[in-house]
Each structure stands twice: as C-alpha cells, then as structure tokens.
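Worksheet: one structure, shown below.
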Amino acid sequence: MSKQFTPNNPLPQEAPVPDEIATFSEAVEAEIDAHLAKYPLKRSAILPLMFIVQRERGYLDKPGVAYLADRLGVRVTDIWEVATFYSMINTEPVGKYHLQVCRTLSCKIVGADKITEHCKSRLGIKPGETSEDGQFSLSEVECLGSCGTAPMMQIGFDYYENLTPEKVDELIEQCRSNQLSNGVR
Ligand code: FES
C-alpha cells in the first residue's frame, strides 16, 4: 500500500502557531549564519536556508517555515510563496529517493511517458505516491531546463538524462544499494 503526497507543493491551509518554530543544532545554526552573512539583505538567503531546513527536517514543515520567516525577517506567506514554486522543495514528506520525471514537451515527445510508466511498474507507485518502505516517491514535474538531453529526471540535486527503461532500472538499483545521492549532502 503506497502513501499519498501532493506533488505540486500545496499551500498548507493552516498557518503555523507562533510557538511551532523549528530548532537546530549549533553546527546547523552556524551554517545558516554563514549563508546570511553573504548577503546585504537577509531575505536573499531564502533558497540556501530552505535547502538546509529541508535537509534537516526531511521536508519544509510548518515549524521549519516559521523558523525561516523569523531568521529571514519575512512573512510566513513569503516563505510559502517561494516553497510552492520550486519542485525541489517539498512541503510534504517524500521518500528517501524522490524521482522527478520531466513531463514537458521536449521530454514528452521523446518518451517521458514511457519513462514514467516504467518507474510506476518498477516501483509499484504512481506519481504523487511514496512506496510503503519510504524509499521512493515519484512525481512528474515541468521542464527542468535540460531539454537537449531529454527524456530526463531529477533525483536529489542530480540530473539523469537521455533516459531509457534500462537506464531507469540501473538508477533504481543504485538507489536501492545507496550508491546515489538523494540530495542530503
Ligand atoms: S522539457 Fe524536459 S527538461 Fe525541458
């Protein structure tokens, strides 16, 4: 039985309550401070800080968002606006390996659907689902800017291009044997 998540980063309906603010270790706080120090405006550090919060908490949950708003000096709504724009930011829990298959035109005309179907049959999940063991989530996303090497997908921070069903099999096996990065670095 697979678990459902919403692939297009929905905006949570409930605002976080004020005391629901994430906390982090000294080392993580130092990492965050180092990013903030690079920019004249704190809010410019929004993406690197989002990736840190996602890495530490698994996804961008409400306490994490409240923390970001506090550190960046912006509204909670500003954080959600950015978080819901990028497919690399998850606002719901996803599996250890999140396979994001591009479904836009260049990929579609050279076989994106076949790649998605192959992922579905190999993993036993549909787009928007996470495998029961928590290892894999599958999504279809819009153009990832790698149209010249279509069809392609993203896993973690890495692109896998010129995909064939055989290459997908290899990638899945590499995930299962923990040889692939899942973006937690
Ligand atoms: S259409 Fe797939 S990367 Fe651009």
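Quick look at the numbers
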{"quantity": "Computed over the stretch 97-176: relative contact order in percent, which uses C-alpha pairs under 8 Å that are six or more apart", "calculated": "38 percent"}
{"quantity": "Extension gain from VAL82 to GLU161, taking 0.36 nm per residue of separation minus the Cα-Cα distance", "calculated": "25.8 nm"}
{"quantity": "Whole-Å distance, taken between Cα centres, linking the stretch 117-171 and the stretch 36-94", "calculated": "25 Å"}
{"quantity": "Alpha-carbon Rg/Rh ratio, for the chain, with Rh computed the Kirkwood way", "calculated": "1.00"}
{"quantity": "Simple spin-label estimate for LYS108 and SER177 in nanometres, 7 Å along Cα-Cβ", "calculated": "3.7 nm"}
{"quantity": "Nearest-0.05 FRET efficiency for VAL184 and ASP70, computed from C-beta distance (R0 22 Å)", "calculated": "0.40"}
{"quantity": "Neighbour-limited loop hits for chymotrypsin sites (Phe, Trp or Tyr not before Pro), the stretch 68-139 (at most 14 other Cβ within 10 Å; DSSP other than H, G, I, E, B)", "calculated": "PHE85, TYR86"}
{"quantity": "Virtual spin-label span in nm between CYS143 and ALA37, 7 Å along Cα→Cβ", "calculated": "4.0 nm"}
{"quantity": "Once exposed loop GluC sites (Glu not before Pro) are cut out (DSSP; at most 13 other Cβ, 10 Å), longest piece of the chain", "calculated": "15-131"}
{"quantity": "Potential extension, GLU132-GLU26 segment - 0.36 nm per residue separation minus Cα distance", "calculated": "34.8 nm"}
{"quantity": "Where no second cysteine Cβ lies under 4.7 Å, the cysteines concerned in the chain", "calculated": "CYS119, CYS143, CYS147, CYS175"}
{"quantity": "Amide H within-cut-off set for GLU92, under 5 Å, with H built and near neighbours excluded", "calculated": "LEU60"}
{"quantity": "Mean projected area (nm²) of the alpha-carbon convex hull when the stretch 97-176 is viewed from all directions", "calculated": "4.5 nm²"}
{"quantity": "Within straight-line cross-link reach of LYS167, aspartates and glutamates at Cα separation under 16 Å, skipping those fewer than 8 residues along the same chain", "calculated": "ASP113, GLU117, ASP158"}
{"quantity": "Amide H within-cut-off set for HIS98, under 5 Å, with H built and near neighbours excluded", "calculated": "SER137, GLY156"}
{"quantity": "Electrostatic dipole magnitude of the chain [Cβ: Lys, Arg +1; Asp, Glu -1; Cα centre; debye, to 20]", "calculated": "320 debye"}
{"quantity": "Loop-located trypsin sites (Lys or Arg not before Pro) in the stretch 17-73 whose Cβ has at most 11 other Cβ within 10 Å (DSSP)", "calculated": "LYS38"}
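The numbers here are math on the coordinates, done by the rules we state, and not lab data. All values derive from a computational prediction rather than experimental measurement. When we count neighbours, we look across all protein chains shown, and the Cβ atoms used for this are built from the backbone with ideal geometry, even at glycine.
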